[in-house]
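K.L.:
Before I ask anything, let me first share the structure, which is written out below as C-alpha cells.
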Amino acid sequence: MGKLVGKVALVTGGSRGIGREVALALAAEGAKVCINFRNNAAAADEVVSMIAEKGGEAFAIQGDVGSLDAIHAMFAEFDGRADGLDILVNNAGIGKMASIEETGESLFDLTMQVNAKGPFFVTQEALGRMRDGGRIVNLSSMVARTAYASCIAYAMSKAAVDHFTRSLAQEVGARGITVNAVAPGATMTDFAPGLFNDPETVQLLAEAAALKRVGQPEDVARVIAFLCGPDGGWVSGQVIEASGGMHL
C-alpha cells in the first residue's frame, strides 16, 4: 500500500518538468492527482495516461494560475471531480534570464503574477477545501538566497515565495497543515529554453554543485514527495534547497 492512498493532490504546472515528476511520484504512492496545466493539454493528458497505465487515478484541469478568474474556474471544475484536498504543490512558474536593464514592466509584472500572486491565490482557494493534516509545498529557487543579477525579477519572485511559506506555516499550523518550500538549483528541464543546450554551460553548472552534476526533475520531485507524505509531517515553515549543494 502506498503512503498516500486515499489522498487527493493538486499539482499546478503538472504537465512538464518538475511538476510532471511530482504528479507521477504522488500517484505512485496512491494519491489521486489533479494535474493543472496552462496551455499544453496533450502533455497533461499524457501524464494522466501514464498514471492510469500504472493503476493510479488522475485528471487534468486547464487554468492560468496568474489569473484570479482562471483560478476560480479551475477550482469550480476541481470540486466536480474530487472530494476535498489533502496536498497542494504550487509548482507552476515562469522565468527569464534578464538583468535589471533588460527587464521591462511587462516582464516584471508577468513574473510576479505567476510566481508570487499565483501561489498566494491558489492556496487561498485551496485552504477552504483542504482537510486538516494537509500538505502544501511551494516551488522556490536557490537564486532567492544567492546574488543572481542575470535573473533579478525571477529571484525577487522566489524570495516572496519563501516568505509566504514561512508566514503561511505559522497561520495554518494549528490545523496540522504543513507548509514548506523546495528550492531547486540548476535542473535539466525546458523551464529555461536554451540554457542546457550548451555543453560548456552545463559543465559550469555541474562544477558549481558539490555533487558535480546538474539536477534532474526526479531529484527534486523525490524531495517534494517526502514532504507531502506522512514522513514529512514534522517539517514545516522551511525552505529546503534541493540543488546538489550549489555554491556552498
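K.L.:
Return the total of residues in the range 194-211 being part of a loop (DSSP other than H, G, I, E, B), of a type outside the set (Phe, Trp, Tyr) and either within 20 Å of MET156 (Cα to Cα) or in contact (Cβ under 8 Å) with a residue 12 or more places away in the chain (or both). Show your work before the answer.
P.N.:
Narrowing the range 194-211 to residues part of a loop (DSSP other than H, G, I, E, B): 194-198, 208, 210-211.
Next, only the ones that are of a type outside the set (Phe, Trp, Tyr) stay: 194-195, 197-198, 208, 210-211.
With the extra rule that they be either within 20 Å of MET156 (Cα to Cα) or in contact (Cβ under 8 Å) with a residue 12 or more places away in the chain (or both), the set shrinks to 195, 208, 210-211.
The number of residues fulfilling the criteria is 4.
K.L.:
Being surrounded by fewer than 23 Cβ atoms within 10 Å (Cβ to Cβ) and touching a residue at least 12 places away in the same chain (Cβ under 8 Å) is the filter here; which residues of the range 155-167 pass it?
P.N.:
ALA155, MET156, ALA159, ALA160, ASP162, PHE164, ARG166
K.L.:
Return the only residue of GLU218, GLU241 being assigned to a helix (DSSP H, G or I), acidic (Asp, Glu), modelled with pLDDT of 95 or more and surrounded by 12 or more Cβ atoms within 10 Å (Cβ to Cβ).
P.N.:
Numbers: GLU241 fails: assigned to a helix (DSSP H, G or I).
Going through GLU218, GLU241 in turn, just one is assigned to a helix (DSSP H, G or I), acidic (Asp, Glu), modelled with pLDDT of 95 or more and surrounded by 12 or more Cβ atoms within 10 Å (Cβ to Cβ): GLU218.
K.L.:
Here's something else I'd like to know. Among the residues of the range 63-76, write down those that are touching a residue at least 24 places away in the same chain (Cβ under 8 Å), of a type outside the set (Phe, Trp, Tyr) and part of a helix (DSSP H, G or I).
P.N.:
LEU68, ILE71, HIS72, MET74
K.L.:
Additional query: Can you name the residue in the range 14-29 that is part of a loop (DSSP other than H, G, I, E, B) and in contact with a strand residue (DSSP E or B) (Cβ under 9 Å, 6 or more places away or on another chain) and is also surrounded by the fewest Cβ atoms within 10 Å (Cβ to Cβ) among such residues?
P.N.:
If we filter the range 14-29 for residues that are part of a loop (DSSP other than H, G, I, E, B), which is where we start, we get 14-16, 29.
In the following step, the residues that additionally are in contact with a strand residue (DSSP E or B) (Cβ under 9 Å, 6 or more places away or on another chain) were identified as 14-16.
Values: GLY14: 31, SER15: 26, ARG16: 19.
Checked the range 14-29; the qualifying residue surrounded by the fewest Cβ atoms within 10 Å (Cβ to Cβ) is ARG16.
K.L.:
Given the structure, is MET112 in contact (Cβ under 8 Å) with a residue 40 or more places away in the chain and in contact with a helix residue (DSSP H, G or I) (Cβ under 8 Å, 6 or more places away or on another chain)?
P.N.:
Criteria met by MET112.
K.L.:
Evaluate the range 79-90: report whether one residue or more is farther than 22 Å from LEU24 by Cβ, surrounded by fewer than 19 Cβ atoms within 10 Å (Cβ to Cβ) and in contact with a helix residue (DSSP H, G or I) (Cβ under 9 Å, 6 or more places away or on another chain).
P.N.:
Checking the range 79-90: not a single residue is farther than 22 Å from LEU24 by Cβ, surrounded by fewer than 19 Cβ atoms within 10 Å (Cβ to Cβ) and in contact with a helix residue (DSSP H, G or I) (Cβ under 9 Å, 6 or more places away or on another chain).
K.L.:
Let me ask something else about it. Is it the case that ALA98 is over 20 Å from the mean Cα position of the chain (by Cα) and touching a residue at least 60 places away in the same chain (Cβ under 8 Å)?
P.N.:
Details: over 20 Å from the mean Cα position of the chain (by Cα): yes; touching a residue at least 60 places away in the same chain (Cβ under 8 Å): no.
Here the answer is no, as ALA98 does not meet what is asked.
K.L.:
Does VAL11 satisfy the criteria of being buried (at least 24 other Cβ atoms within 10 Å of the Cβ) and either touching a residue at least 24 places away in the same chain (Cβ under 8 Å) or farther than 29 Å from GLY185 by Cβ (or both)?
P.N.:
Working: buried (at least 24 other Cβ atoms within 10 Å of the Cβ): yes; either touching a residue at least 24 places away in the same chain (Cβ under 8 Å) or farther than 29 Å from GLY185 by Cβ (or both): yes.
Against the criterion (buried (at least 24 other Cβ atoms within 10 Å of the Cβ) and either touching a residue at least 24 places away in the same chain (Cβ under 8 Å) or farther than 29 Å from GLY185 by Cβ (or both)), VAL11 qualifies.
K.L.:
If you go through the range 30-70, how many residues are at pLDDT below 95 and charged (D, E, K, R)?
P.N.:
Qualifying residue count for the region: 0.
The values are calculated or read from the model by the stated rules, or taken from the named source; none is laboratory data. Everything quoted here is computed from the prediction, not taken from an experiment. Neighbour counts are summed over all protein chains in view; Cβ atoms, including those assigned to glycine, are modelled from backbone coordinates with ideal geometry.
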